[in-house]
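To start, the structure itself, in structure tokens.
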Amino acid sequence: MKELHSILVVVDRNGGASQAVAKAVSLARQFGARIEIFLCDADLAYELAHAYDRSGVERARELCIVEAREFLRELKVAASAADLDISIDAECASPLYEAVVRKVLRSKPDLVIKSARGGYRRGSLSDPNDWQLMRACPAALMLTTGRQWRGHPRVAAAVDVSAKETAGLPQDVLKAARMLSWGWNCEYDVLNSETQGEVPEDRRQLHRLCDENGVAPHRIHFLNGPPEATLAPFVALQSYDVLVMGALSHRPQSGPLVGTLTSRLLDSLDCDFLLVKPQSYQCPVEDGTAYGERQAQRIGVA
């Protein structure tokens, strides 16, 4: 994420919509970006796909979208952002994460903002759609926990420069953090957790990357220990507003480790998370045309 021209805000009626939109408005004003607010009723779509009586399926879907658009119009008015370019869109499709990813593929936003379901009740990130979005969303994804940003937000980037990390991902994480700090006219910190056996070249590589991205040496923090144990306490102590980190890792046998780290951070911190994917990432979700044909077959629409 080098620039921020467009923001997609994913909302629902279960809470957190106004906070997510407010953060999008704040960013849009800083960067001159446009906003699109998107709501997808995946629960009703699932019910319709499994309805025994098919006679009213399409009418129910159309009514759902009409009501969703009315909710979005009210949300847009409440945002008090007449100075911004804000559009709305609604769908009735399931599963939710696939509908969001297809929307991203169509609209091509630079940033997706969504309330983390677990953020409004401290505990686990229980919604599997959030986990799937972390894996499949082709754009940078900000999961917001609902805490308001301070006037001059504090940003940190968690960076892994070891040889096992995905090529180019550390640079992409730093660029995203730099972009946010530029818009907010603030500096950002860089965090690196050193595990046992850390090689000196890793430190030198991190210093080189930070120098290329304009990070002062005193803004670099080397944490002694694995990231699962060191990141959360340090981020909490520093009270960062946004933590930027890689969404995926290609380390061998790292699936459980990535899940554990992300889970611990989301469970223990109330900051927002900006999850970045490398430029080499390929989205696994099919495009809208193929999905539309399959969805029509599932719900019995000719």
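The values are calculated or read from the model by the stated rules, or taken from the named source; none is laboratory data. This one's a predicted model, so the numbers in the text were calculated from it and none came from an experiment. Every residue, glycine among them, receives a Cβ derived from its backbone with ideal geometry; neighbour counts consider all protein chains shown.
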Checklist entry - Of the residues in segment 262-301, how many are modelled with pLDDT of 70 or more and in a helix (DSSP H, G or I)? => result 6
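Being modelled with pLDDT of 95 or more, in contact with a Gly (Cβ under 7 Å, 6 or more places away or on another chain) and surrounded by 14 or more Cβ atoms within 10 Å (Cβ to Cβ) narrows it down to one residue among 106, 102; which is it?
Exactly one of 106, 102 is modelled with pLDDT of 95 or more, in contact with a Gly (Cβ under 7 Å, 6 or more places away or on another chain) and surrounded by 14 or more Cβ atoms within 10 Å (Cβ to Cβ), namely 102.
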Next on the checklist: Taking the criterion of being at pLDDT below 90, assigned to a loop (DSSP other than H, G, I, E, B) and polar (S, T, N, Q), would at least one residue in segment 244-251 satisfy it?
Outcome noted: yes
Checklist entry - Only one residue in 178, 203 is of a type in the set (Lys, Arg) and at pLDDT 90 or above. Which one? => result 178
Next on the checklist: Name the single residue that is farthest from residue 109 (Cα to Cα) among those in segment 20-35 being among the charged types (D, E, K, R) and more than 15 Å from the chain's Cα centre (by Cα).
Outcome noted: 29
Checklist entry - Which of the residues that make up segment 38-69 are farther than 30 Å from residue 6 by Cα and aliphatic (A, V, I, L, M)? => result 48, 49, 51, 57, 60
Next on the checklist: Looking only at segment 76-89, how many residues end up being buried (at least 18 other Cβ atoms within 10 Å of the Cβ) and either in a helix (DSSP H, G or I) or among the acidic types (Asp, Glu) (or both)?
Outcome noted: 1
Item to check | Criterion (of a type outside the set (Asp, Glu) and surrounded by fewer than 13 Cβ atoms within 10 Å (Cβ to Cβ)) met by exactly one of 34, 29, 73 | outcome: 73
Checklist entry - Only one of these conditions is not met by residue 46: (1) part of a helix (DSSP H, G or I); (2) surrounded by 18 or more Cβ atoms within 10 Å (Cβ to Cβ). Which number is it? => result (2)
Checklist entry - Which of the following residues is within 30 Å of residue 169 (Cβ to Cβ), out of contact with any Ser or Thr (no Cβ under 6 Å at 6 or more places or on another chain) and assigned to a helix (DSSP H, G or I): 106, 69, 61? => result 106
Next on the checklist: I want to confirm something. Restricting to segment 176-187 and keeping residues that are more than 16 Å from the chain's Cα centre (by Cα) and touching a residue at least 40 places away in the same chain (Cβ under 8 Å), which single residue is surrounded by the fewest Cβ atoms within 10 Å (Cβ to Cβ)?
Outcome noted: 183
